[in-house]
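FYI, it's all coordinate maths here, none of it is from the lab. Bear in mind the structure is a predicted one, so any value in this text is a computation, not a measurement. Because the Cβ atoms are built from the backbone with ideal geometry, glycine has one as well, and the counts that use them run over all protein chains shown.
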Amino acid sequence: MSGYMGFVGVSTASSSIMQIFPVWARILGLPTDRLIGHDLPVDATAEQYLALVRRIRDDPDHLGALVTTHKIALYRATRSLFDELDEFASLCGELSSISKHEGRLIGHAKDPLTAGLAIEEFLPDTHFSATGAHAIILGAGGAGTALSWYLSEREDRPESIVVTDTSAERLDHLRTVHERHGTPGGLIDYVIASHPDVTRAVLTGAPRDSLVVNASGLGKDRPGSPVPDDVAFPEGAYVWEFNYRGTLEFLHQALAQQDTAGLRVFDGWRYFIHGWSQVIGEVFDVVMTEELIGELAEAAEFARR
């Protein structure tokens, strides 16, 4: 086997993909079973991103990479290095997939697709129209941007999508993304979570059965939760923790209220499966069918145990 694939993150060594990738490589018949982590701090500089992407571009053995955590910052710093960017990357201003084809460096933003694949596994097709539920996305970074994009395009979309973040800059970026995309005005409410009481009010005011998602990165790359400990989730809510590893405070908060509030609680494991399989398919030119993803998911669960 020759070459290797990269994984751009913060603490890549602790990810389950390090054990899973060699197994998937054998199932898919990939030319390599080597996955190399590229760890960068959350506050990495533009120079660090440029150096990394140039390394990926110029090393013939480096076949491509999945990007997590750094999706927006890496795009801003390195977009001029790419020969081709897909629509989601250009409009959302983020990169989750770096691949190389016939000497061209190509960037994709796969998260709107992978978020949709994951959420469709647990949320009924007519959930929002049948219940009048809203969607609350806690975090306006790359993951939150992708999910808000998917929900705004969904045939059965919520009548209200609330996105919160502690950064006005990230919220402004998200607003610009949706304006360029032509998302209907008034669909998304952009809320600066300047104090825990702001998040408390958002959750308290949400109708029952609403979708509440932790897209903040808290509980994975750094400890914490975007939700104060004493806040009650909406009755019957679908609560989705994007992360599957880390301290997972948000997930534990939801599980503590699961029985009393009738919550449906989900972690990020299937999101992880779809995210990695879609990028691997892009890097190695493999068509990821539903049957193949099912086989990969089964193998990943076994490898994780």
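Some notes on this structure:
- Here the range 41-103 is described by how far its Cα atoms reach on the three principal axes: 30, 26, 18 Å, from widest to narrowest.
- Taking other C-beta atoms within 10 angstrom as a stand-in for reagent exposure, 78, 289 fall in the order 289, 78, fewest first.
- Simple spin-label estimate for residue 256 and residue 121 gives 2.7 nm between the two label positions (7 Å along the Cα-to-Cβ direction from each Cα).
- Counting only residues at least eight positions apart within a chain, or on another chain, the lysines with an alpha carbon under 26 Å from that of residue 100 are 71, 110.
- The protection proxy used here, the mean number of other Cβ atoms lying within 10 Å of each residue, ranks peptides 102-110, 206-214, 65-73 as follows, highest first: 65-73, 206-214, 102-110.
- Computed from the Kirkwood radius of its Cα pairs, the Stokes-Einstein diffusion coefficient for the range 113-267 at 37 °C and 0.692 mPa s stands at 214 µm²/s.
- Separation between Cα centres of the range 232-305 and the range 72-134, rounded to whole Å: 17 Å
- Multiplying the residue separation of residue 285 and residue 175 by 0.36 nm and removing their Cα-Cα distance gives an extension gain of 36.3 nm.
- Sequence of 122, 7 once ranked by neighbouring C-beta atoms within 10 Å, starting from the fewest: 122, 7
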